[in-house]
Amino acid sequence: MAREYALSWKPDRQCWYKKFGGKKHYAPIKCKGKTTDPEGYRASLEWWEKKEAELKVSHAQMKATAERDAEIEKFMRDPQHPREREAAEKIVERFERAAKDPSLSMGEVGAAVYRDRKRREVEAAATPADRQMKAMVKRFLNHKVQQAGTGLKSDGRVINIATYLRQFENFVGPDRPISDITAMTLFDYHGKAMTDMATGQLSSYGARDRMQIARQFIRWAWEMGVLDLPRNIQSKDLTIYVEQQEIKVFDFDKLKGIISGAPEPLRLYLLLCANCGMTAMDISDLRPCEFNEKEGTISRVRSKRRKKLDAGASSKKVKITWKLWPVTLDLLRKHRAADGERMLLSPSGGVLVYTKIDKLTHKGSDVDLIDKAYRKHCRDTKVPDEDAKSLKCIRATSSTKLGDHPEYARYAQYFLAQAPRSVAEKFYQKPSQEQFDAAVLWLGQQYGFAPASDKPAEAAA
């Protein structure tokens, strides 16, 4: 009967070997032959017994490391969260101890991890539902929707707040107690925003809004008495500075061509942007009481500021009267709505610019029929993308044109109906309406939409 060997023979190498873990391990002992060198076989067998013990320990360590990594990945839903990170560190310690001490059963370590997870699940379940992150975020957003309904917040702003706050909710954990938010949470969230900026996933404006909204929510929760205010809530280290955007303006001659070639009523909308510095929202919100047909003027507070005033908010009232150019006045008379609260409506009789928002999900979208018509006109007339800037750039172009005039430059900011900045502007200096009318008339002359004045523009100033 042939003898059975615990090792395998390698003729070309004249040595014994053993396969373990999918790999062949060759004994470093040269033998004279498979059957003619029993001493060589015994020495090789002794070598393998020691080698096998070492390999089993190493294999156990590798297995422990793999199981540890898999367990940590499964266990840590959000590695940024302090409590998740602390629990993961404990798991690492247990697995490392198991890897170093083969006598410690891996089953025992797994059972300990399982008990730890169950304990945390019980803690989460014990948290009142109205104190979980998702419940508090929903309550906060519902309040913002109510503010939007009264005009204190725009629908677009509520959508923006909801978008970034959902990100913060997912960062902390929707089912986690809101009391889990600490200074470390805010610090780690700032680090994530900085990382997203560095990788190009987030602009500086987006990162700033993300942090501001998170801080706003935390302050609100503290006021509600459901968490302790983090000590770094006002830390300058968590400030994100935005890059100053370049002011974009049209090439003046190309803009004149776009306005002149636009069909009605789009031409009216573009003229209101150039004549009165309006945005699409301002045009949509224009009221009949703000239009003086006899004087040929529009007198109003900008939509974004007026809504806050209507809601009773404390805000500086900046009411501006713009003199309309003849072409703007004629088109406004022609396309004004027969009745209702709005001067201008869509061809179907609907609102030109509005925001749709779902009160349950707090998701929504902006609908801008003016911008849609403008983009279609640019495509139909094959205006290059670099020339077809946004409608807000018309407002900026008119203001910039006024700023280039030696006398009318003082009215560039006033033309935009911006809130006064200096003490003099707020309390002491009232701009001359006559001079402002002359400035707007001069602007219309540059566009080619206003008749020449009887006296030079400089003299009128």
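The values are calculated or read from the model by the stated rules, or taken from the named source; none is laboratory data. Predicted, not measured: the structure shown is a model, and the values here were computed from it. Positions of Cβ are generated from backbone atoms using ideal geometry, with glycine treated the same way; all protein chains shown enter the neighbour counts. We work out accessible area using only protein heavy atoms, side chains counted, and drop any ligands, DNA or RNA first. Shrake-Rupley method; radii C 1.70, N 1.55, O 1.52, S 1.80 Å.
Using a Förster distance of 30 angstrom, determine the FRET efficiency expected from the C-beta separation of Gln245 and Lys376, and round it to 0.05.
Values: r = 27 Å, r/R0 = 0.89.
The pair Gln245/Lys376 has a calculated efficiency of 0.65.
Can you list the residues, at least 5 places off or on another chain, whose amide H is less than 5 Å from the amide H of Ala337, using H built in the peptide plane?
Distant-sequence amide H within range of Ala337: Leu344, Leu345.
When the solvent-accessible surface of protein heavy atoms is calculated with a 1.4 angstrom probe, in what order do Arg166, Arg215, Arg13 fall, highest first? Write down the numbers at each step before the final one.
Values: Arg166 75, Arg215 35, Arg13 110 Å².
From most exposed to least exposed: Arg13, Arg166, Arg215.
Show me the chymotrypsin sites (Phe, Trp or Tyr not before Pro) within region 168-248 that DSSP assigns to loop and that have at most 10 other Cβ atoms within 10 Å of their Cβ.
Numbers: sites: Phe168, Phe171, Phe187, Tyr189, Tyr205, Phe217, Trp220, Trp222, Tyr241; in loops: Tyr241.
Counting only loop positions with at most 10 other Cβ atoms within 10 Å, the chymotrypsin sites (Phe, Trp or Tyr not before Pro) in region 168-248 are Tyr241.
Please list, in chain and number order, the residues 5+ apart from Leu352 or on another chain whose amide H is under 5 Å from its amide H, with Hs placed from the backbone.
Here the answer is Ser346, since their amide H atoms fall under 5 Å of that of Leu352.
Want the number for Asp130 to Ser179: 0.36 nm per residue separation, take away the alpha-carbon distance, what's left? Don't skip to the end; give the middle numbers.
Details: separation 49, 0.36 × 49 = 17.64 nm, distance 1.18 nm.
Stretched fully, the Asp130-Ser179 segment lengthens by 16.5 nm.
Output wanted: per-residue J couplings in Hz (rounded whole) for region 19-26, from phi through Karplus 6.51 cos²θ - 1.76 cosθ + 1.60, θ = phi - 60°, x for Gly and Pro.
3J(HN,Hα) across region 19-26, in whole Hz: 8, 8, x, x, 9, 8, 10, 8.
Please compute the length gained on full extension between Lys392 and Trp220, using 0.36 nm multiplied by the number of residues separating them and subtracting their Cα-Cα distance. Don't skip to the end; give the middle numbers.
Working: separation 172, 0.36 × 172 = 61.92 nm, distance 3.38 nm.
Additional length available on full extension: 58.5 nm.
Just in region 324-412: which trypsin sites (Lys or Arg not before Pro) are loop by DSSP and have at most 14 other Cβ atoms within 10 Å?
On the way: sites: Arg333, Lys334, Arg336, Arg342, Lys356, Lys359, Lys363, Lys372, Arg375, Lys376, Arg379, Lys382, Lys389, Lys392, Arg395, Lys401, Arg410; in loops: Arg336, Arg342, Lys359, Lys363, Lys382, Lys389.
Those that pass, being in a loop and sparsely packed, are Lys359, Lys363, Lys382.
If you average the C-alpha positions of region 131-178 and of region 222-236 separately, how far apart do those two centres end up, in angstrom?
Here the answer is 17 Å between Cα centres.
From the backbone phi of region 255-269, what are the Karplus-calculated ³J(HN,Hα) couplings (6.51 cos²θ - 1.76 cosθ + 1.60, θ = phi - 60°) in whole Hz, Gly and Pro given as x?
The phi angles translate into 5, 4, x, 5, 5, 5, x, 6, x, 7, x, 4, 4, 4, 4 Hz.
Go through Lys256/Lys319; Lys254/Lys392; Lys144/Lys319; Lys319/Lys372; Lys192/Lys248 and tell me which ones have a Cα-Cα distance over 20 Å in this structure. Walk me through the numbers before you get to the answer.
Values: Lys256/Lys319 28 Å; Lys254/Lys392 16 Å; Lys144/Lys319 27 Å; Lys319/Lys372 29 Å; Lys192/Lys248 31 Å.
Too far apart for the 20 Å limit: Lys256/Lys319; Lys144/Lys319; Lys319/Lys372; Lys192/Lys248.
Rounded to the nearest 10 Å², what accessible area does Glu46 have for a 1.4 Å probe in the complete protein model?
Taking all protein chains as shown, Glu46 has close to 120 Å².
Please list, ordered by chain and number, the residues whose modelled amide H lies under 5 Å from the amide H of His25; skip anything fewer than 5 residues away on the same chain.
Lys18, Lys19, Phe20
Calculate, for Cys289 and Glu264, the FRET efficiency according to 1/(1 + (r/R0)^6) with r their C-beta to C-beta distance and R0 30 Å; round to the nearest 0.05.
On the way: r = 24 Å, r/R0 = 0.80.
Efficiency, from the Cβ-Cβ distance: 0.80.
What is the local net charge at Glu52, summed over the other residues whose Cβ is closer than 15 Å to its Cβ (Lys, Arg +1; Asp, Glu -1)? Can you show the working numbers first?
Details: positive: Lys18, Lys19, Lys23, Lys24, Lys50, Lys51, Lys56; negative: Glu46, Glu49, Glu54.
Around Glu52, the charge tally is +4.
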